[in-house]
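Everything below concerns the one structure shown next.
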């Protein structure tokens, strides 16, 4: 799956309040997106009249990209399915072939975000290699990096107020991401004797809350971001060290 936020060789980057998709150079004015990745034109078969028909190569993906752009501009609750259709260059009725409403589209964006999040976390954790404590620190940094580099996904995942039980695919993807953190906590806890090991679920929840709080307050782009006298990664690393020391899992 293409990561829509990876900047390319000709792209100055993704941030600054708007999305720059894999289709570099497609933006021609604010809110205007030339969708040559997804669209194609073909000659008409109506007796050679010269009229041309419009075909959408991948409507679902175009709607996902449009939703990400709208989330970046307006937040997760600030767009309608009609706006997504307009940005994708299709009729207002076309999205309903794939999504029943804007909430269903938002849930799809959140699910994909969680899938990408799980991949990033698992890569950083790397099964605890080369050393569980070092890998644990890498995991925390990966959490903050995702929030910084993919704010539209992050907002859809955590600020959309979607009911998880109404969107089982999104919930399953979120569980996969959390399970990376829980597995890491289990390995770290296993360095203590059995009788002294803290519950791994408790550890994972505490660390998740710490990382998410730092990401939300100090990392995500936006006017409400708080300033820090240090890097957010340093703040998280210090917090993790103090927490792990309290559990007897790190040297004091």
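The values are calculated or read from the model by the stated rules, or taken from the named source; none is laboratory data. Predicted model only: the values in this text are computed from it and were never measured. Cβ placement follows ideal geometry from the backbone for every residue including glycine, while neighbour counts extend to all protein chains displayed.
Observations
- Within the set 238, 209, 184, the sole residue that is assigned to a helix (DSSP H, G or I) and buried (at least 19 other Cβ atoms within 10 Å of the Cβ) turns out to be 184.
- Taken together, the residues in segment 134-165 that are in a helix (DSSP H, G or I), without any contact (Cβ under 8 Å) to a residue 12 or more places away in the chain and out of contact with any helix residue (DSSP H, G or I) (no Cβ under 6 Å at 6 or more places or on another chain) amount to 2.
- Test: residue 69 is at pLDDT 80 or above, surrounded by 15 or more Cβ atoms within 10 Å (Cβ to Cβ), under 29 Å from residue 162 (Cβ atoms) and within 20 Å of the chain's Cα centre (by Cα): yes
- Summed over segment 215-235, the residues that are in a helix (DSSP H, G or I) and more than 28 Å from residue 192 (Cα to Cα) give a count of 6.
- Looking only at segment 73-94, and only at residues there that are within 22 Å of residue 164 (Cα to Cα) and either buried (at least 16 other Cβ atoms within 10 Å of the Cβ) or assigned by TED's automatic domain parsing to the domain that holds residue 165 (or both), the one that is modelled with the lowest pLDDT: 79
- Complete set of residues in segment 167-181 that are in contact (Cβ under 8 Å) with a residue 24 or more places away in the chain and over 24 Å from residue 142 (Cβ atoms): 167
- Test for residue 169: is it modelled with pLDDT of 95 or more, loosely packed, with under 15 Cβ neighbours inside 10 Å, within 20 Å of the chain's Cα centre (by Cα) and in the same structural domain as residue 118 (by TED's automatic domain parsing): yes
- Members of segment 187-202 found to be farther than 16 Å from residue 121 by Cα and surrounded by 16 or more Cβ atoms within 10 Å (Cβ to Cβ), listed by number: 189, 197, 198, 200
- Residue 122 vs. criteria in the same structural domain as residue 224 (by TED's automatic domain parsing), under 11 Å from the mean Cα position of the chain (by Cα), surrounded by fewer than 24 Cβ atoms within 10 Å (Cβ to Cβ) and assigned to a helix (DSSP H, G or I): no
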